[in-house]
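What follows is one structure encoded as structure tokens, with my remarks underneath.
Please treat every number below as a calculation from the coordinates, not as lab data. The structure displayed is predicted, hence computed values, not measured ones. Glycine also receives a Cβ, built like all others from the backbone with ideal geometry; neighbour counts cover every protein chain displayed.
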Amino acid sequence: MSNAVTALNGANYQGLATIADQGLTGMITLRGDLASAGIKAAVKSATGLDVPAQRQALMGKGTAALWMSPDELLLLCPYAEVGERLAGIEAALKGQHFLAVNVSDARTFLRISGYGAREVLAKVCPVDLSPEGFTPGMFRRTRMAQVPAAFWLDEAGNFHLICFRSVADYAFELLKVSAQPGGEVGLYA
Amino acid sequence: MLILTCPCCGVTGEETEFHQGGEAHLKRFGPGSTDDDFHTYMFAKENPKGAHFERWRHNNGCGKWFIMARDTVTLEVYGSYPAQTHEPPQHIRDAITAKRPGWTWREFA
């Protein structure tokens, strides 16, 4: 059995904001008719959460349900439990047209926290990240400098960011530069 | 810089979040069509000064295709609508008429 590690292997940087690798996280891509009862039951069984509304992120205890597109969700759960939760999804959607795949090792999961978090992200994403424009529970897929990324904000003011594993190093270095002391813009201060 | 709204996920973003995918409302002439029809389909594109219809993809977002009406002179976006639409919806036509009375684009006006 191979020893699974994240691409960044627990990297952490403290600057205007703290950028931290969130470690191994179970991720399931679920595609299908999001309005159907089957998907609702599948999301419930995998995360204990409801189906998120358009561009919404729902967070539970160690789980999350994220709205990726009109027919796609990303479900988060503990890394070791992906197999059994995937089985639960497949049971709930038996006979229906759907797709559920374990993508845990295809993604990098970062947390951006601290007083400069909004600014650090705003420097590299074409998104209105003002406190009025981006509120907790909102989920956004966008471009982060040269790579696609998705992030959401929790009630405590931490950003959770997901991007492809293949660009993990680029994403981390980019956010590091954005968070370098001396680079304050003070737009949201 | 174009500011556009994706009709699939509702995000309003700037153009680097999206990607242009060529002219919209094309009728395909594939195998079995005449050479003239295929040539026209393949090479004869609209290049208007004014209102234009294009396919766009929200490639850094929800990944869906849609159609956008924009102005090639002012870079104004008249609106966007789902890719499964065969002709421009009335509210898009009205928005163009308000700025460019008497506009035409292929068979639409």
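Overall, the protein assembly as shown carries a charge dipole of about 200 debye about its Cα centre when +1 sits on the Cβ of Lys and Arg and -1 on the Cβ of Asp and Glu, all other atoms neutral. Sequence-distant contacts, meaning Cα pairs under 8 Å at least 6 residues apart, place the relative contact order of chain A at 24 percent.
The mean count of C-beta atoms from other chains within 10 Å of the C-beta of residues in A:45-55, rounded to a whole number, is 1.
Averaging the Cα positions of each part gives two centres, and for the range A:16-42 and the range B:1-54 these lie 33 Å apart. Placing +1 on the Cβ of every Lys and Arg and -1 on the Cβ of every Asp and Glu, with no other charges, gives the range A:23-176 a dipole of roughly 80 debye about its Cα centre. One way to sum up the overall shape of the range A:30-163 is the equivalent ellipsoid from its Cα gyration tensor, whose semi-axes run 28, 14, 14 Å, largest first. Residue by residue along A:122-131, Cβ atoms of other protein chains within 10 Å of the local Cβ number 2 on average.
Residues in the range A:40-53 carry Karplus couplings, in order, of 4, 5, 5, 5, 4, 5, 7, 10, x, 10, 7, 6, x, 6 Hz; the curve used is 6.51 cos²θ - 1.76 cosθ + 1.60 with θ = phi - 60°, and Gly or Pro positions show x. Take each residue in B:7-13, count the other chain C-beta atoms within 10 Å of its C-beta, and the mean is 4. Label positions at A:Gln96 and A:Thr135, each projected 7 Å from the Cα along the C-beta direction, are separated by 3.0 nm.
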